[in-house]
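The next block holds one structure in the form of structure tokens; read it before the comments.
The values are calculated or read from the model by the stated rules, or taken from the named source; none is laboratory data. These numbers were taken from a predicted model, which means no experiment stands behind them. Every residue, glycine as well, gets a Cβ built from its backbone with ideal geometry; the counts of neighbours run over all protein chains shown. Surface accessibility is based on the protein's heavy atoms, side chains included, excluding ligands, DNA and RNA. Shrake-Rupley method; radii C 1.70, N 1.55, O 1.52, S 1.80 Å.
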Amino acid sequence: MNEKLQLGTKLIMVVSSVVVLVMIALTIIISTKLTVALQDEAHKLLQTESVRLANRVQGAVGQTFAVLESAGSVMALIVVNDREGNIDQKILLESVERLLRTNQYARFAYFYIPGDNVYSRRAAYLQNTDYLLDSGEFMIFAHRENNDVAVVKAEDNLKQFNSLHNAISNKVLSMGRVG
């Protein structure tokens with residue numbers, strides 16, 4: 001059948017085939033280059049967004065930490081100067097519960113008073129063992145699930161949390177959140 005085609009038709013077919021092959025090659029090359037360029041730009045955009053988001057989160061965490069440090073310092077100052085136990089345990093419990101309720105990321109919060117003190121003696125006298133560690137030291141430990149806050153028995157196995165472990169082993173009055 002090729003023998004019956006005219007020379008011009010044969011030439012057009014050859015040129016058309018070459019043009020189609022060149023177009024296919026150019027399409028593949030351009031697509032590959034564009035894909036690489038778009039991936040690089042997407043990666044840069046994601047890096048920029050992640051840095052911006054990290055800065056925003058760092059600000060929120062820093063603010064939460066500053067409020068926690070301030071509240072802990074005020075409570076520690078009040079408790080240290082309260083030698084007669086004028087502050088009711090309910091107020092201490094309420095401060096721990098509020099710490100959990102005002103911070104949506106916290107799951108546990110505690111208030112630890114080291115050594116023999118009026119609060120540990122009162123808890124022992126009232127036989128409220130939920131507020132006493134095995135060593136007899138005073139601790140309020142609360143847990144939040146969903147919107148419910150409940151006091152958890154203060155036990156020495158709570159030392160698995162680093163902040164609690166440091167507070168108990170260094171005998172430092174502290175208030176904080178964990179988890």
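Looking at Arg144, Arg177 in this structure, which one is outside any loop (DSSP other than H, G, I, E, B), at pLDDT below 75, among the charged types (D, E, K, R) and in contact with a strand residue (DSSP E or B) (Cβ under 8 Å, 6 or more places away or on another chain)?
Arg177
Given Val15, Val61, which one is more than 30 Å from Ala106 (Cβ to Cβ), part of a helix (DSSP H, G or I), open to solvent by less than 90 Å² (accessible area, probe 1.4 Å) and β-branched (Val, Ile, Thr)?
Details: Val61 fails: more than 30 Å from Ala106 (Cβ to Cβ).
Only one candidate qualifies: Val15.
Any idea which of Glu49, Glu97 is within 22 Å of the chain's Cα centre (by Cα), among the charged types (D, E, K, R), surrounded by 10 or more Cβ atoms within 10 Å (Cβ to Cβ) and farther than 30 Å from Arg144 by Cβ?
Result of the check over Glu49, Glu97: Glu49.
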